[in-house]
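J.: Structure incoming, see below.
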Amino acid sequence: MQVSVATQPGGTSPNEDWVAGTPTFAVVLDGLSTAGLDTGCVHGVPWYVAQLGGHVVAALADPGVALSDALATALERVAKLHQTCDLKNPGTPSATVAILRERSERIDHLVLADSPIVLEGANGFTTLTDLRVDDVCQDLRAESERHATGSPEHRASVARLVAAQRQIRNTPEGYWVAASAPEAAFHALTGAVDQSEVRSAAVVSDGVSRLVTEYQMASWEDVFAQLRKEGPAALIATVRKVEATDPHGERWPRYKVGDDAAVAFCQRDQDARL
Ligand SMILES: [Zn+2]
């Protein structure tokens, strides 16, 4: 397949999204916000996603490895790189993971937390995502959405939400993300579809998918049309244009005015020739 990628930070802070594509797979990671809270780590989230992404790519060099095994191997290797950091800190750097891989007659997919994979088939679009994080801390989330994005009240309420999420992150009562424990890889949602069912696919962070799901300013059909015609960077530019119309998060309550965005657009051979 042909994979094209783009990523861009949402503001002036370093990008905490990460993306890579090869002729056989695509990987998107979205580092979770620390909301300014302690992490027990000297490296930071941009370092974490770069290391984890690189190690996922390395682990996928074996074409027969299961995606969850590859992710577990990568998590284990990155944990060893922290050396002096406190990996038991509930705020240790963490990320969502989405992987799509073409293998023999199948397309394998893995999602851990809320970076979706959208498959385009003959009968429309299928979204693969893991929204378990939405089931927890709903009261605190609702409270954060009552304040203007960027206001002191908003920042304080987001910090309260993140602090509460950390207490149940990577526990059976809560939700799972890539962090320091390899075990999280086996809580990812995985599956496979026949290659003939997929014309193209988009692996994206939620900073991109919200154009469809939360902002409702485009359909997946619109998104794939733009990806095919203008590529992933143009799609991120569209997201930014929409966000600029709501600078205080009044119409669309959100943590940041613009979130980091990452896209890998995967076109199967016959589609790429169209
Ligand atoms: Zn560290």
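The values are calculated or read from the model by the stated rules, or taken from the named source; none is laboratory data. Model, not experiment: these values are computed from the prediction. Positions of Cβ are generated from backbone atoms using ideal geometry, with glycine treated the same way; all protein chains shown enter the neighbour counts. Side chains included, ligands, DNA and RNA excluded: accessible areas come from the protein's heavy atoms. Shrake-Rupley method; radii C 1.70, N 1.55, O 1.52, S 1.80 Å.
J.: Kindly provide the set of residues from the stretch 80-91 that are more than 9 Å from the ligand (Cβ to nearest atom) and part of a helix (DSSP H, G or I), ordered by number. Full working, then the answer.
T.: Keep residues of the stretch 80-91 that are more than 9 Å from the ligand (Cβ to nearest atom), which gives 80, 88-91.
The answer is Lys80, and nothing else.
J.: Considering only residues that are among the hydrophobic types (A, V, I, L, M, F, W, C) and more than 16 Å from the ligand (Cβ to nearest atom), which ones fall in the stretch 30-39? Full working, then the answer.
T.: First, the residues of the stretch 30-39 that are among the hydrophobic types (A, V, I, L, M, F, W, C): 32, 35, 37.
The one that is among the hydrophobic types (A, V, I, L, M, F, W, C) and more than 16 Å from the ligand (Cβ to nearest atom): Ala35.
J.: So, one more: With the checklist (1) of a type outside the set (Asp, Glu); (2) closer than 24 Å to Val212 by Cβ; (3) in contact with a Cys (Cβ under 6 Å, 6 or more places away or on another chain) in hand, flag the one item Ala164 doesn't pass.
T.: (2)
J.: Please go through the stretch 189-220 and pick out each residue that is in contact with an Asp or Glu (Cβ under 6 Å, 6 or more places away or on another chain) and of a type in the set (Ser, Thr, Tyr). Steps first, please.
T.: Step one: of the stretch 189-220, the residues in contact with an Asp or Glu (Cβ under 6 Å, 6 or more places away or on another chain) are 189, 192, 195, 199-200, 205-207.
Once the filter is applied, which keeps residues that are in contact with an Asp or Glu (Cβ under 6 Å, 6 or more places away or on another chain) and of a type in the set (Ser, Thr, Tyr), the stretch 189-220 yields Ser200, Ser205.
J.: So, of the residues in the stretch 40-51 that are open to solvent by less than 40 Å² (accessible area, probe 1.4 Å), within 12 Å of the ligand (Cβ to nearest atom) and within 20 Å of the chain's Cα centre (by Cα), which turns out to be farthest from Thr12 (Cα to Cα)? Outline the logic, then answer.
T.: Within the stretch 40-51, the subset open to solvent by less than 40 Å² (accessible area, probe 1.4 Å) is 40-41, 44-45, 48-49.
Retained after the next criterion (residues that are within 12 Å of the ligand (Cβ to nearest atom)): 40-41, 44-45, 48.
Pick out the ones that are also within 20 Å of the chain's Cα centre (by Cα) and you get 44-45, 48.
Details: Gly44: 16, Val45: 15, Tyr48: 19 Å.
Applying the filter and picking the extreme gives Tyr48.
J.: Anything in the stretch 127-168 that is part of a loop (DSSP other than H, G, I, E, B) and among the β-branched types (Val, Ile, Thr)? List them, or say none.
T.: In the first step, residues of the stretch 127-168 are kept if they are part of a loop (DSSP other than H, G, I, E, B); the result is 129-131, 136-137, 145-151.
Once the filter is applied, which keeps residues that are part of a loop (DSSP other than H, G, I, E, B) and among the β-branched types (Val, Ile, Thr), the stretch 127-168 yields Thr129, Val136, Thr149.
J.: Now for a separate question. Out of the stretch 92-107, which residues are more than 16 Å from the ligand (Cβ to nearest atom) and crowded, with 17+ Cβ neighbours inside 10 Å? Explain how you work it out, then say what you get.
T.: Going residue by residue through the stretch 92-107, those that are more than 16 Å from the ligand (Cβ to nearest atom) are 96-107.
Result: Thr96, Val97, Ala98, Ile99, Leu100, Arg101, Glu102, Ile107.
J.: Let me ask something else. So Ala66 passes all but one of these: (1) away from the ligand (no atom under 16 Å from the Cβ); (2) of a type outside the set (D, E, K, R); (3) at pLDDT below 95. Which condition number does it fail?
T.: That leaves (3) as the condition not met.
J.: Further question on the same structure: Going by what's in this entry, would Leu110 be described as assigned to a strand (DSSP E or B), closer than 25 Å to Val162 by Cβ, away from the ligand (no atom under 16 Å from the Cβ) and in contact (Cβ under 8 Å) with a residue 12 or more places away in the chain? Working first, answer last.
T.: Working: assigned to a strand (DSSP E or B): yes; closer than 25 Å to Val162 by Cβ: yes; away from the ligand (no atom under 16 Å from the Cβ): yes; in contact (Cβ under 8 Å) with a residue 12 or more places away in the chain: yes.
Yes, satisfied.
J.: Taking only pairs six or more apart or across chains, which ones have beta-carbon atoms under 6 Å, a first residue in the stretch 29-50 that is in contact (Cβ under 8 Å) with a residue 24 or more places away in the chain and within 26 Å of Pro116 (Cβ to Cβ), and a second residue that is of a type outside the set (Lys, Arg) and surrounded by fewer than 16 Cβ atoms within 10 Å (Cβ to Cβ)?
T.: Pro46/Pro14
J.: Follow-up question, since we're still on this one. Go through (1) modelled with pLDDT of 95 or more; (2) open to solvent by 20 Å² or more (accessible area, probe 1.4 Å); (3) under 22 Å from Asp130 (Cβ atoms) and name the single condition Arg77 misses.
T.: In the conditions (1) modelled with pLDDT of 95 or more; (2) open to solvent by 20 Å² or more (accessible area, probe 1.4 Å); (3) under 22 Å from Asp130 (Cβ atoms), Arg77 misses (3) alone.
J.: Answer yes if at least one residue in the stretch 154-177 is modelled with pLDDT of 90 or more, touching a His at 6+ places or on another chain (Cβ under 8 Å) and loosely packed, with under 14 Cβ neighbours inside 10 Å, and no otherwise.
T.: no
J.: I've got another one for you. Condition check: under 17 Å from Phe25 (Cβ atoms), in a helix (DSSP H, G or I) and in contact (Cβ under 8 Å) with a residue 12 or more places away in the chain. Does Asp69 satisfy that? Let's see the steps before the verdict.
T.: Working: under 17 Å from Phe25 (Cβ atoms): yes; in a helix (DSSP H, G or I): yes; in contact (Cβ under 8 Å) with a residue 12 or more places away in the chain: yes.
In short, yes.
J.: Additional query: Can you name every residue in the stretch 21-39 that is of a type outside the set (Ser, Thr, Tyr) and open to solvent by 20 Å² or more (accessible area, probe 1.4 Å)? Before the answer, list the steps.
T.: Quick first cut of the stretch 21-39, residues of a type outside the set (Ser, Thr, Tyr) only: 21, 23, 25-32, 35-38.
Result: Gly21, Pro23, Leu32, Ala35, Gly36, Leu37, Asp38.
J.: Restricting attention to the stretch 105-114, which residues are in contact with a helix residue (DSSP H, G or I) (Cβ under 6 Å, 6 or more places away or on another chain) and closer than 12 Å to Val203 by Cα?
T.: Of everything in the stretch 105-114, those that are in contact with a helix residue (DSSP H, G or I) (Cβ under 6 Å, 6 or more places away or on another chain) and closer than 12 Å to Val203 by Cα turn out to be Leu110, Asp114.
J.: Report, by residue number, each residue of the stretch 227-271 that is basic (Lys, Arg) and open to solvent by 60 Å² or more (accessible area, probe 1.4 Å). Spell out how you get there, then give the answer.
T.: Looking only at the stretch 227-271, we keep the residues that are basic (Lys, Arg), and these are 228-229, 240-241, 251, 254, 256, 268.
Correct list: Arg228, Lys229, Lys241, Arg251, Lys256.
J.: Do we have Asp114 as closer than 30 Å to Cys266 by Cα, modelled with pLDDT under 90 and open to solvent by 10 Å² or more (accessible area, probe 1.4 Å) here?
T.: Working: closer than 30 Å to Cys266 by Cα: yes; modelled with pLDDT under 90: no; open to solvent by 10 Å² or more (accessible area, probe 1.4 Å): yes.
Judged against the criteria, Asp114 is not a match.
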